[in-house]
Every structure is written in structure tokens, then in C-alpha cells.
Amino acid sequence: MKPDLSIVFANVKFKNPVLTASGTFGYGYELADLIPLEKLGGIITKTITLKPCDGNLQPRVAEVTSGILNSIGLQNIGIKSFIEEPLEKLKKLGVPVIVSIAGASVSEYVETAKILSCQNGISAIELNLSCPNLEKKIVCHDLSLVQNIIKEVKKISKIPVIAKLSPLVTDISELALAAENQGADGITLTNTYPAMAIDIKTFKSKLSTLKGGMSGACVKPMSIRCVYDAWQSISIPIIGCGGIMTGEDAVEFMLAGATAVSVGSSSLVSPINLIKIINEIEDIMIKKNILSIKNIIGMVNKNEKNNTCS
Ligand SMILES: Cc1cc2nc3c(=O)[nH]c(=O)nc-3n(C[C@H](O)[C@H](O)[C@H](O)COP(=O)(O)O)c2cc1C
């Protein structure tokens, strides 16, 4: 029997749990000639802001051992142009579309969410809470700011709101719970990890911004731990993200408690990896005789009740 890969996340039905990670797949429709986009579970767009944004100066991407360092700086065309063109094309793909947004203030998040909320064809909003705010601090480092953004966006949004959190906090469970308490319909764990790499030929940083965010295979165990920890304390669903390169990696995240996964660096290496990951999940299910992918969500939590300090 063909295993059932479908999941329900924040009341939205996805045919499989594999989504594109924000910022690593453009606006989401550009690669239609390269891969069958209709086979994806869903598309999370790059982060959109109220006004267009040029992003940071080059170089803003550097390859490091088992990972990628980036400081793109939220380059995007702004919400008005996004609605005029990319969104129209996205609506025609026949897969759920989640639009990632960010702002330099609470009111910018709210304004952008309000505009999106009036559009058809958007399944959810993902709040990128891992970008720098006005004081150039990561939003997630200010708990009351995180709470305020979620609370205010939830007041006006007619569609589900997903909070994408930074892993660089003292207690990810506390942050996840705060998101849930403000009404978030789900969370994404995690965004990139603050990092730096230096070119020993030039003695300069590999990025124009000196520091950036780390992603790729090397971050996977840390992100899985974040999912595992958050899953213990919240009841809203989690999109697991960070270093998913194969179907096995995706299954690991789901065993830790993720309902869906989003894949970034792997699709930058080759976009077809997204389809391979879906097929590999199906192969694992057949081998393990798992009829529905929903049955494995958080299974490691149910099996392992040993709370160690590590
Ligand atoms: C080049 C690049 C650009 C990214 N842009 C965004 C973005 O615009 N918004 C966002 O929320 N995350 C962004 N991310 C983070 C990814 O969505 C994802 O959280 C992170 O890369 C970890 O997943 P991965 O290891 O599968 O890449 C970006 C990552 C990369 C590598």
C-alpha cells in the first residue's frame, strides 16, 4: 500500500511535509522549469518587507565546511511588487504558499501582514523573527518584542501565523511557549546560527558584514535538539529546519517532534534535492511499514523519557 505522506499544519493540508525554506528558493515560482513544483509539500517564500530592500553588499554568501554562511540582508522587492507579480504566479502552482515577512518595527510587521491577509491564495504567514530590528539586535533576543509582534499580527491576520525563531537564545522552550501563548498557530525551528569565517589569503572576513548566519548539514543536530526541546512544552505544530539534506534527516526532525520540515541549503546545492527528499521519506516509510507519516511525529519523545542534562 502507498504510504500517506500528507500532514495538517495549522489547519492547512499539505500533500507531504517537505517545504522550501525561506530565502533559499527565491519567491518560489522561478524554478518551475527545473523541478516539478507541484510535487512539493509547500513553498515558503523569501522574506518580504513593507518597502523594497537592496540587502547587504557582496560578498554575502560563503561556503564553509559542511555549511553555508550568509548575510543576504533580506533583499526583496517589497510587499506591493510581490503582490503584483510573484504572488500571482505562486497562486497558479497548486501548492500551499506561506509568505515570510519581516519588519524593522512592530507596526511594519502588522502593516505587511494586513496587506497579505486580504489576498487570496496564501495559506499562512511566517514571521521571520530572527532578523535584526531597528537597534540591529536579533528580534528573538527581546522576548517582549517577539510577544508584541505575534500578538499584534494575530489581531489582524485572517490566516494562520507561524513564528520562525532564532536558535541563539538561552531557552528555546521558553521562547516557543511565549509564541504559543501569544496565539501563534505554529513555529519554525530554526533560522541560521550566528557565525563568522575568515579568508586567510586576504586576512578579511568572508562576508561584507563580517558576521552572518550559518546553515547546512553542520547545524542539523543543534536544530533537532531545538525541535525536541520545544515539542515538550508546546502543543502547536513545528516546522523543523536546519541541515536537512536527505529523507533520513527529514524523518529525524519528525521523530523529534516536527510536523513538517523546510529545506534550505540542500536545495541551494541542487533544487532537485527537494524531490529526492520526498521520495526518500516515502522509501523509509515503506521499509519501516509506516502507513501514515503523522504516526512518527514526536515518536522519539514517546519512546525516550530519560531527561538528561546534556
Ligand atoms: C542564502 C540564504 C538566505 C536565507 N534567507 C532567509 C530569509 O529571507 N528569511 C528567513 O526566514 N530565513 C532565511 N534563511 C534561513 C533559511 O530559511 C533556513 O532557516 C536556514 O538556512 C537553515 O536551514 P538549512 O540548513 O536547510 O539551510 C536563509 C538561508 C540562506 C542560506
**OP:** Quick one: grab the alpha carbon gyration tensor of the chain, order the square roots of its eigenvalues as a ≥ b ≥ c, and give me rounded if a/c is under 1.5, else prolate or oblate depending on whether a/b is larger than b/c.
**Re:** rounded
**OP:** In whole Hz, with x marking every Gly and Pro, tabulate ³J(HN,Hα) for region 234-248 from phi via Karplus 6.51 cos²θ - 1.76 cosθ + 1.60, θ = phi - 60°.
**Re:** 10, 10, 7, x, 10, 9, x, 8, x, x, 7, 10, 9, x, 4
Original post:
Quick one: of the DSSP bridges fully inside region 152-310, what percent are antiparallel, nearest 5?
Top reply: 35 percent
Original post:
In nm, to one decimal, how far is the modelled label at Q75 from the one at E30, with both set 7 Å along Cα→Cβ?
Top reply: 0.8 nm
Subject >> Spatial separation of Cα centroids for region 182-252 and region 22-42, in angstrom >> reply: 21 Å
Original post:
Once you put a point 7 Å from the Cα of M196 and another 7 Å from the Cα of K2, both along the Cβ direction, what distance in nm separates them?
Top reply: 5.2 nm
**OP:** Restricting to the chain, compute how many DSSP beta bridges are antiparallel as a %, nearest 5.
**Re:** 40 percent
Subject >> Whole-angstrom gap from region 45-86 to region 271-285, using each part's C-alpha centre >> reply: 27 Å
Original post:
Order of V219, V97 from fewest to most other C-beta atoms within 10 Å?
Top reply: V97, V219
**OP:** Give the long-range amide H neighbours of I68: residues separated by 5 or more places, or on another chain, with amide H under 5 Å away, using H modelled in the peptide plane at 1.01 Å from N.
**Re:** S215, G216
Subject >> Separation in nanometres of the label points that stand 7 Å from Cα toward Cβ, at S144 and M299 >> reply: 4.5 nm
Original post:
Where both residues lie in region 1-153, what percent of DSSP beta bridges are antiparallel, nearest 5?
Top reply: 55 percent
Original post:
When a footprinting reagent is the concern and you count Cβ atoms within 10 Å, what order do C226, C218 take, fewest first?
Top reply: C218, C226
Original post:
What is the order of E30, E108, E38, fewest Cβ neighbours within 10 Å to most?
Top reply: E38, E30, E108
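Quick note: the coordinates plus some simple rules give every number you see, no bench work behind them. What you see is a predicted model, and the numbers here were worked out from it, not measured in a lab. When we count neighbours, we look across all protein chains shown, and the Cβ atoms used for this are built from the backbone with ideal geometry, even at glycine.
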